[in-house]
Amino acid sequence: MKYMLIMRSTEEAVQASKEVPFEEILNAMGAYNEALVKAGVLLAGEGLSEPEEGFVVDFAGETPIATDGPYGETHELFNGFWIIQTPTKEEALEWACRCPLGPGNKLEVRRIHEDADFEQFADNEYIQKEKGWREQLDSK
């Protein structure tokens, strides 16, 4: 099963991270990422730029409206993610608990849908196309 680990921080965590040498943070995250790779569970993972560099597209109205960042409260933003593949939810939880984050940080862990979740729609045109698209992406 695939899981996305979504990193969220409070303002307290953001301020605390400014008091830690950045190289220390890099080393802790690097060691965690290395452990994920060595265990063969890491599929993807990236940190994200500051929210000021992003934007949100809101579909509440008739026409989508784009708003430049920052957007939302600090605790609503996510700062990075990992996609891991583990045989069980419990193992995904174990990996999430090993992440070197401090107080004020949270990891939201969400299972990523698999083909089996859509078996009742197996003959749907776009379910079939999606399989082909995934194969194309996997070959890159």
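Has the stretch 79-87 got any residue that is part of a helix (DSSP H, G or I) and surrounded by 14 or more Cβ atoms within 10 Å (Cβ to Cβ)? Within the stretch 79-87, none of the residues are part of a helix (DSSP H, G or I) and surrounded by 14 or more Cβ atoms within 10 Å (Cβ to Cβ).
Scanning the stretch 21-43 turns up no residue that is modelled with pLDDT under 90, farther than 28 Å from D117 by Cα and open to solvent by less than 70 Å² (accessible area, probe 1.4 Å). Applying the condition of being part of a loop (DSSP other than H, G, I, E, B) and either surrounded by 15 or more Cβ atoms within 10 Å (Cβ to Cβ) or within 18 Å of the chain's Cα centre (by Cα) (or both) to the stretch 1-20 and asking which residue is modelled with the highest pLDDT yields M1.
Considering the conditions (1) touching a residue at least 40 places away in the same chain (Cβ under 8 Å); (2) in a loop (DSSP other than H, G, I, E, B); (3) of a type outside the set (S, T, Y); (4) open to solvent by less than 100 Å² (accessible area, probe 1.4 Å), W95 is excluded by exactly one of them, (2). Taking (1) within 14 Å of the chain's Cα centre (by Cα); (2) more than 21 Å from E34 (Cα to Cα); (3) of a type outside the set (F, W, Y) in turn, A96 satisfies each apart from (2). Kindly indicate the residue of the stretch 54-73 that is at pLDDT below 90 and open to solvent by 100 Å² or more (accessible area, probe 1.4 Å) and also nearest to Q15 (Cα to Cα) among those meeting that condition. Filtering first and then ranking leaves E73. Would you mention how many residues in the stretch 28-44 are among the small types (G, A, S), within 14 Å of M7 (Cβ to Cβ) and in contact (Cβ under 8 Å) with a residue 40 or more places away in the chain? Selection size over the stretch 28-44: 1. Residues that are closer than 20 Å to A44 by Cα, open to solvent by less than 90 Å² (accessible area, probe 1.4 Å) and either out of contact with any helix residue (DSSP H, G or I) (no Cβ under 6 Å at 6 or more places or on another chain) or in a helix (DSSP H, G or I) (or both) within the stretch 100-131 comprise L101, E108, I112, E114, D115, E130, K131, listed in sequence order.
Of all residues in the stretch 110-121, those that are more than 25 Å from L93 (Cα to Cα) have Cβ atoms under 6 Å from Cβ atoms of residues that are surrounded by 10 or more Cβ atoms within 10 Å (Cβ to Cβ) and not small (G, A, S), 6 or more apart or on another chain, in F121/I127.
The values are calculated or read from the model by the stated rules, or taken from the named source; none is laboratory data. Since this is a predicted model, take the numbers as computed values, not measurements. All Cβ positions, even for glycine, are placed from backbone atoms using ideal geometry, and neighbour counts span all protein chains on display. Please note that ligands, DNA and RNA were not included when accessible areas were found on the heavy atoms of the full protein model with its side chains. Shrake-Rupley method; radii C 1.70, N 1.55, O 1.52, S 1.80 Å.
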